[in-house]
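The structure appears below as structure tokens.
The values are calculated or read from the model by the stated rules, or taken from the named source; none is laboratory data. Keep in mind it's a predicted model, so treat the numbers as computed, not measured. Cβ sites come from the backbone with ideal geometry, for glycine too, and all protein chains shown count toward neighbours. Areas reflect the complete protein model, heavy atoms only, side chains present, ligands, DNA and RNA absent. Shrake-Rupley method; radii C 1.70, N 1.55, O 1.52, S 1.80 Å.
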Amino acid sequence: MPNPNDFAILFDASRCIGCKACQVACKQWNDLEAEHTRNAGGYANPPKLTASTWLAMRYYEGLRPDGEPYFDFVRGACMHCTHAPCVASCPTGAMAHREGGVVTVDQSTCIGCRSCVRACPYDAVHFDEERGVVQKCTMCYDRIANGDQPACVKACPTDALTFGRYQELQALAQERVRVLQARGYPRASVYGLKELGGTHVLYVLTDHPSQYGLPAAVREAEKRAMGGWLSAGIAAAVMGMGLKFIVDRREAFKGGRG
Amino acid sequence: MITLNFPNPMGEEGWGLWVALYFFLAGTGGGAYLISVLYCSQERVRRAALWAFVGVVLGSVLLILDLGQPLRFANLILGGVYPSSVMWLGTWFLLLSGAGLLWVMARPTSRGVQYLVAFLVALVVAYTAVLLTATARPFWNASPLLPWLFLASSATAGGALLQLLAPHERLKRLVVGMALVEGLMVALHLLWTYPVAQGAVLALLVGPLAWAFWGFVVLGWGIPLALERRHVGLAAVLTLVGAFLLRYFVVLAGQV
Ligand code: SF4
Ligand code: SF4
């Protein structure tokens, strides 16, 4: 669980109009370059996060099984996880939690190994080829540490984004879900309460997380690594002994000792 | 700011050719040492230690060159203690096993020391798999079999390397046995991950990575198995090629 007083952002999908004001504000405040992209037939652009796109809206449209059309928007950016896989996988301590639970990368110590890029379940951290280090959302640490809101939150025209203390926003999110469920969204839920020890960015969704392309089963990197070591230990023991047995046995047979 | 732009088929952000090559070098050299410790005479152990040392050192150089900031590589060792980071653990395994292998090479050592170094080398081989398992990529993390696959492949390739240098009947059986385990692991891993990593598995079977996958299956695995009886040398060379292709397609498929 994040600390009750940690910084947090609440994204409310039921209020979002998909206008990308947050996305543009992020680029402007953080001085991130525009990208050359191609029209891929959807509204999302750029299609995925990169070293110079830390926040990008994603769009999902289609027909529900009952024939109702849907058109959903969701924020794509770092979730500032409490048990962050990027932090766990970083070999230099460059990727770390700062005061207030925010995850940022220290660009003067990052060696550009890209472990964090592979570790993030939200594809939120990326390699900057020019600088040789990784880049990601900082929750506008330079702003919030000075009492301001993140640029994306400030720019949002519909109150779909709120910035505040974790405890307050968590309560707000749960209240909002109650309202939505009463209004005829039975699948409304808060995403990010349980994921990776609780994320500092919470989502209010009107539908199942998979409908928004959010990974449902995320696991801590430490647990995955432990599983890997366990598997490796068993593999080494079994194969080592198996080989020894086969080779020795065959040798013995040959020698006629059976 | 120094970045070395080696051609990397995944783009600079991905883990590509250099990482695959490193996995191959460390895996093959390491496998040769592990096998020799378990099954060979003192003389051969020391020779195999040399190969493992070369693999570990060359591999480490490739790893450093692959970094976005190669000159900061010392941060890996001096930056602090991060046991939850498989990359950090691997760095120490490389360092310690390199020192251990030097020791084994330098002077006749007791069996105990050789086993201790073998343990470190096994950790190097295993960590390359755990590094992938600990990520958020389904092709790497969905099955627990990558460590099995990499260990089996290291044993096969290490055995093949020893065969190339000095063929031996026992080695032949070992290589064949491990190659069979390796083949089984590849098949099981693909079956296991298919439901969650369809794109990756299809890329291997019929997509852009098919050349590496089928190259491994046919050239690096099937033919050597068939040739094992008659052309030991050729079979060994092909097995080594296969071991590289295996690392290559596993590393790339995880990032499709
Ligand atoms: S969302 Fe990704 S980059 Fe952000 S803290 Fe979590 S693991 Fe790290
Ligand atoms: S790329 Fe940088 S921040 Fe990411 S894991 Fe490596 S050293 Fe840490």
Practice problem: Examine the range A:160-175 for a residue that is more than 16 Å from ligand 2 (Cβ to nearest atom), open to solvent by 30 Å² or more (accessible area, probe 1.4 Å) and aliphatic (A, V, I, L, M), and state whether such a residue exists. | Solution: yes
Quiz item: Name the pairs whose Cβ atoms lie under 7 Å apart, with the first residue in the range A:116-131 and closer than 14 Å to B:W15 by Cα, the second of a type in the set (S, T, Y) and more than 8 Å from ligand 2 (Cβ to nearest atom), and 6 or more positions between them or separate chains?
Solution: A:R118/B:T135; A:A119/B:T135; A:H126/A:T50; A:E129/B:T3
Practice problem: Starting from residues that are in a strand (DSSP E or B) and without any contact (Cβ under 8 Å) to a residue 60 or more places away in the chain, keep the ones in the range A:77-101 and report whichever is farthest from ligand 2 (Cβ to nearest atom). | Solution: A:H97
Quiz prompt | Residues being surrounded by fewer than 24 Cβ atoms within 10 Å (Cβ to Cβ), in a helix (DSSP H, G or I) and among the small types (G, A, S) - total across the range B:106-121 | solution = 2
Quiz item: Residues of the range A:102-128 being of a type in the set (F, W, Y) and more than 10 Å from ligand 2 (Cβ to nearest atom), which ones?
Solution: A:Y122
Self-check item: Failed item, numbered, when B:V176 is tested on (1) within 11 Å of another protein chain (Cβ to nearest Cβ); (2) modelled with pLDDT of 95 or more; (3) surrounded by fewer than 24 Cβ atoms within 10 Å (Cβ to Cβ)
Solution: (2)
Practice problem: May I ask you to say which residue of B:A187, B:A152, B:A134 is without any contact (Cβ under 8 Å) to a residue 40 or more places away in the chain and either within 16 Å of ligand 1 (Cβ to nearest atom) or in contact with an Asp or Glu (Cβ under 9 Å, 6 or more places away or on another chain) (or both)? | Solution: B:A152
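Okay, residues lined up against (1) touching a residue at least 60 places away in the same chain (Cβ under 8 Å); (2) in a loop (DSSP other than H, G, I, E, B); (3) among the hydrophobic types (A, V, I, L, M, F, W, C):
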| position | (1), (2), (3) |
| --- | --- |
| A:D207 | yes, yes, no |
| A:L214 | yes, yes, yes |
| A:A217 | no, yes, yes |
| A:E222 | yes, no, no |
Practice problem: Return yes when B:S110 is in contact with a helix residue (DSSP H, G or I) (Cβ under 9 Å, 6 or more places away or on another chain) and among the hydroxyl-bearing types (S, T, Y) and no when it is not. | Solution: no
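Within the range B:67-82, how many residues are in a helix (DSSP H, G or I) and within 11 Å of ligand 2 (Cβ to nearest atom)?
3
Matching residues to (1) farther than 27 Å from A:T53 by Cβ; (2) touching a Phe, Trp or Tyr at 6+ places or on another chain (Cβ under 9 Å):
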| site | (1), (2) |
| --- | --- |
| A:P121 | no, no |
| A:M139 | no, yes |
| A:Q149 | no, yes |
| A:Q174 | yes, no |
| A:V201 | no, yes |
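Would you check if B:R137 is among the basic types (K, R) and within 16 Å of ligand 2 (Cβ to nearest atom)?
yes
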Self-check item: Selected residue (criterion: surrounded by the most Cβ atoms within 10 Å (Cβ to Cβ)) from residues of the range B:131-146 that are at the interface with chain A (Cβ under 7 Å from one of its Cβ atoms) and in a helix (DSSP H, G or I)
Solution: B:T133
Quiz item: Which residues, taken from the range A:204-236, are within 11 Å of chain B (Cβ to nearest Cβ), of a type in the set (A, V, I, L, M, F, W, C) and surrounded by 21 or more Cβ atoms within 10 Å (Cβ to Cβ)?
Solution: A:A221, A:A225, A:A232, A:A235
Practice problem: Could you tell me whether any residue of the range A:62-82 is open to solvent by 70 Å² or more (accessible area, probe 1.4 Å) and either within 14 Å of chain B (Cβ to nearest Cβ) or within 15 Å of ligand 1 (Cβ to nearest atom) (or both)? | Solution: no
Quiz item: Among the residues of the range A:39-47, is any in a loop (DSSP other than H, G, I, E, B) and within 16 Å of ligand 2 (Cβ to nearest atom)?
Solution: no
Quiz item: Residues of the range A:1-26 being under 23 Å from A:D72 (Cβ atoms) and not hydrophobic (A, V, I, L, M, F, W, C), which ones?
Solution: A:D12, A:S14, A:R15, A:G18, A:K20, A:Q23
Quiz item: Quick one: is A:L243 on the phi > 0 side of the Ramachandran plot, within 14 Å of chain B (Cβ to nearest Cβ) and assigned to a helix (DSSP H, G or I)?
Solution: no
